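Structure, as structure tokens:
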Amino acid sequence: MYILGISRHHDSAAALVKDGRIVAFIDEERLNRKKHYGGFPTQAIQFCLDSAGITLGDVDHVAYFWQRWPELVYGVKHFIRYFPDTLSAFKSENGNGHKSKGLLETIRSDGAQDHFDDYNAGGAILLHWLRTFTLPKVLQEALGYDGPTKYKLHFVDHHTAHACSTYYPSPFEEAAIFSVDGIGSDGTCTLLAVAQGNEIRDLRRVKYPNSLGAMYAVVTEYLGFYPSSDEGKVMGLAPFGTDRYVDDFRQMIHLGPDGTYEIDLSWFDFHKSAKHRVSQKFIDQFGPPRPKVRKHVEQHYADVAYGLQVVLEETGLHIAHWLHKETGSKNICMAGGVALNSVMNGRILLETPFTEFFAQPASADNGTALGAALYVSNGLLGLPRPTKEYIYLGPEYSEAEMESALHQAALSFTQPPDISSHVAQQIADGKIIGWFQGRMECGPRALGNRSIVADPRSPETKPRLNDKIKHREPFRPFAPSALIERSGEYFASSYPSTVMLLVYDVLEHRRDEVPAITHVDGTARVQTVSREENPTYWQLIKHFEEVTGVPMVVNTSFNDNNEPIVCSPHDAIRCFLNTDLDGLALGPFWVEKESMSHESK
Ligand SMILES: [Fe+2]
């Protein structure tokens, strides 16, 4: 029983589930090398089918991440409710000097984006609707497949897909589900649900324009970053701010007694313009938007980021408290783009009565490809749940393929007896290393198979990573991968954070020991690593611990800024050569820059 899941929005993706097991799951951007690609995920689908050795003709069900009618109906109602202001959705500008397509232009261009901020919610809604009619034809044409097909097509409610993507792979027999994003297929922005066995039941839906995702995205845009892409930067910037604007932001969200919330729309314009815009009242209060071209971030904008982040956390806590009271469960499963906010997640785990937390790595819309497939597999067909492997589901390459890529790049390399211990020693010596092993991880975080690893003890690691290798803003923090056995000795919680979606305080007496992973507010976005989940990566950290006594390494995604995480050996070699990485561990093979420069002399 083959079930193919497809999402096509931010970070288009495909997943294949066979008899309850996830065979493959990958974002299109990893294969076509276009970051946050939102077009049809042709290569991702082909990869999924190839992984199982099948064609489209063998697929029994195709599950799409969006429904056909509910959002269109909701969108029309919304258009009428805010008419005539909603006419501004047809204008091709977004008020900050950064041109974004109007509604009709978005449809005409089939949603092609000139930049990350080139987005029109009205156009996107109509395109989602139109694409439900053309999906079978587009699918066959994209794959170049003209044989017979037998699959049944399912259009899955977007937040149900988010909910399925997190609950079904979780280890829980029952759980509360908290799904939160910009907008879903019936206008839902927050879904609160409860699950038991294979059944998921809605408790409450908060609908657009009461959207925490849209609000965070709009302020991200105001702060000079790209919405639906750079929200993590805003989360990283927030701790540099002060509480100067917290009360202003508290006015923007009214918390209801029943776990709901309402956004004060006088501060925003997104619900009228369909673009990422704040209102004149917001600008009167906080000043003009920060220009995107500016590198330096003034204190004032960090204060705005702080206010936004605090009210998001408070709203998340408010909802989670209600959800716990309503369900009585100790387990919470989170999903949706806003659930990438690991600071909020960490507080939900530590400050509410929930004692168990689960999220799968692709929490945002890419995860709905998997969630839609699991909805059919587990929700409709009652097949077993995929609790074993939900992280390392992308391509892997043989030693012969890696060796061939190194030869093609004319790189000289060695094969140390144990690559893990070799790299551990290199890191301990202050080197920054590209680490490429096994099957690629899904989701936006590198989880030890496509990672850049470095020494957490050195104060030089962070500026060097930011300046020379990742080419990104100096305020952005780096995260640790820690041995699960010892994480409690360094962080305020020892609860497993397998997919790096929880932020904990670094214990005060440990902060000077690991400055490269301690953010300005004393926190860290931890990945805990166990031997069972990733033996090779665990070995690397274990060897580093044996050499230095410190049971963690710095882990950042293996890519340059604005490039998707490397997928193939060729991508890894290109990134290695284009940055100041000191060494590359490509499977069992080792390449270093120093020997290259000696050779060229
Ligand atoms: Fe979503």
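Since every read-out is calculated from the coordinates, none of them should be taken as a lab result. This is a predicted model, so every value here is computed, not measured. Note: ideal-geometry Cβ built from the backbone for every residue, glycine included; neighbour counts use all protein chains shown.
Summary of computed values
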read-out: Ratio Rg/Rh, restricted to segment 399-600 and using Cα atoms, in which Rh is the Kirkwood radius; value: 0.95
read-out: For segment 442-499, the Rg and Dmax computed from alpha carbons only, in angstrom; value: 12.9, 34
read-out: Protection proxy ranking, peptides 437-444, 155-162, average beta carbon neighbours within 10 Å, highest first; value: 155-162, 437-444
read-out: Chymotrypsin sites (Phe, Trp or Tyr not before Pro) restricted to DSSP loop in segment 525-570 with at most 15 other C-beta within 10 Å; value: none
read-out: Cα Rg, Dmax (largest Cα-Cα span) when computed across segment 409-458, Å; value: 12.3, 34
read-out: Spacing of the two label points (7 Å from each Cα toward its C-beta) at LEU143 and ASP114, in nm; value: 3.6
read-out: Sequence-separation-based contact order of the chain, relative, with Cα cut under 8 Å and 6+ spacing, percent; value: 16
read-out: Percent breakdown of C-alpha pair distances by 20 Å bin, ordered from the shortest bin, for the chain; value: 21, 56, 23, 0
read-out: Long-range HN-HN contacts of PHE413 with modeled amide H, under 5 Å; value: none
read-out: ³J(HN,Hα) computed for each position of segment 433-439 - Karplus, 6.51 cos²θ - 1.76 cosθ + 1.60, integer Hz, glycine/proline x; value: 10, x, 10, 10, 9, x, 7
read-out: log10 of Debye I(q)/I(0), alpha-carbon scatterers only, for segment 134-284 at 0.15, 0.20 Å⁻¹; value: -0.95, -1.24
read-out: Amide proton proximity set for TYR261, modelled H, under 5 Å, gap of 5+; value: GLY256
read-out: Mean separation of Cα contacts under 8 Å (6+ apart) over length of segment 207-358, as relative contact order %; value: 29
read-out: Karplus 3J(HN,Hα) series, Hz, for segment 582-587 with 6.51 cos²θ - 1.76 cosθ + 1.60 (x for Gly, Pro); value: 7, x, 10, 9, 9, x
read-out: Convex hull volume per residue for segment 291-375, taking Cα atoms only, in Å³; value: 122
read-out: Helical segments meeting 18 Å axial Cα length and Kyte-Doolittle 1.0 threshold in the chain (DSSP H); value: none
read-out: Across LYS207/LYS233; LYS18/LYS150; LYS431/LYS462; LYS101/LYS275; LYS77/LYS272, pairs whose alpha-carbon gap is larger than 18 Å; value: LYS207/LYS233
read-out: Distance cut-off 24 Å, percentage of C-alpha pairs in segment 22-127 lying past it; value: 42
read-out: Pair LEU104, GLU513: separation of 7 Å Cα→Cβ label points (nm); value: 6.5
read-out: Overall dimensions of segment 207-358 as given by Cα atoms, namely Rg and Dmax in Å; value: 15.4, 49
read-out: Whole-number D in µm²/s for segment 153-208 (Stokes-Einstein; Kirkwood sum over Cα pairs; 4 °C, 1.567 mPa s); value: 114
read-out: Out-of-range pairs (alpha-carbon distance over 30 Å; input LYS91/LYS292; LYS330/LYS470; LYS34/LYS295); value: LYS330/LYS470
read-out: Order by protection proxy (mean Cβ within 10 Å, highest first), peptides 385-396, 30-41; value: 30-41, 385-396
